[in-house]
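Derivation of every value follows stated rules applied to the coordinates shown; laboratory data play no part. All figures in this text were calculated on a predicted structure; none of them were measured in a lab. Every residue, glycine as well, gets a Cβ built from its backbone with ideal geometry; the counts of neighbours run over all protein chains shown.
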Amino acid sequence: MTLTDQMIEACKTAKGLTRAEIAQLLGRPANNVINIADLLVKEGRLHKSGVRRAYRYFTDKAHADAWALVAKDAYAAQLSANREATRITRNESRRTGNPMGRPAAPVVVRQSAAPKPAPKPTKVIWPEHVKVYVAPTPPGRFHFEPPPGWAGEISKDWMNRRTQGAGA
């Protein structure tokens, strides 16, 4: 029995089948089922009825027409159920602090049996043929050594203004 025959046989029920139900019954990926079902609808071997995401596939035109009358109500019920589930999930995520969707992965804290002690400093042994040169440490970036009796320009200017104002 071919896949198309299996699909037509599965859709003979009075309730019809959704894409997901067909994929689950046939054990096929949903994309394959959707493509084949739409081709069968174009050929006239299946009838598609419903609104938006509430489509169902039927082999009997009368069953498809009957579903078209209640499809809007079924779609509205599906939307309200989805909203309720989303509201519950959102409230649960707010309560637990976990993001919506997948549950948070458990946190695993690994500890070693005992902390490792810091290595003890050892004396460096220099071989006899090695010469060790120790370079003097360069002065820092803002290092300045004033000559004896030196006063900076700002200090000199401040002192001149102060003494001029006191003599007047």
_Rounded D (µm²/s) - the chain, Kirkwood Rh over Cα pairs, Stokes-Einstein at 10 °C, 1.306 mPa s_ = 61
*Residue separation times 0.36 nm, minus the C-alpha to C-alpha distance between Glu9 and Val51: what's the value?*
12.8 nm
*Can you find, among Ala85, Ser49, Gly16, the residue farthest towards the positive end of the dipole of the chain? Put +1 on the C-beta of Lys and Arg, -1 on that of Asp and Glu.*
Ala85
*Quote the FRET efficiency, to the nearest 0.05, computed for Asp65 versus Thr89 with a Förster distance R0 of 41 Å and r equal to the Cβ-Cβ distance.*
0.65
*Tell me, what ³J(HN,Hα) does each residue in the stretch 56-66 have, in order and in whole Hz, if you take phi through Karplus 6.51 cos²θ - 1.76 cosθ + 1.60 with θ = phi - 60° and put x for Gly and Pro?*
9, 10, 10, 8, 9, 5, 5, 5, 5, 5, 5
*Net charge near Lys48: determine it from the other residues with C-beta under 9 Å of the C-beta of Lys48, scoring Lys and Arg +1 and Asp and Glu -1.*
0
*Excluding same-chain residues fewer than 8 positions from Lys61, which lysines have a Cα within less than 19 Å of its Cα?*
Lys12, Lys15, Lys42, Lys48, Lys72
*Over all Cα pairs of the stretch 3-70, how is the pair count split among 5 Å bins, expressed in % and running from 0 up to the last occupied bin?*
3, 20, 34, 27, 13, 3, 0
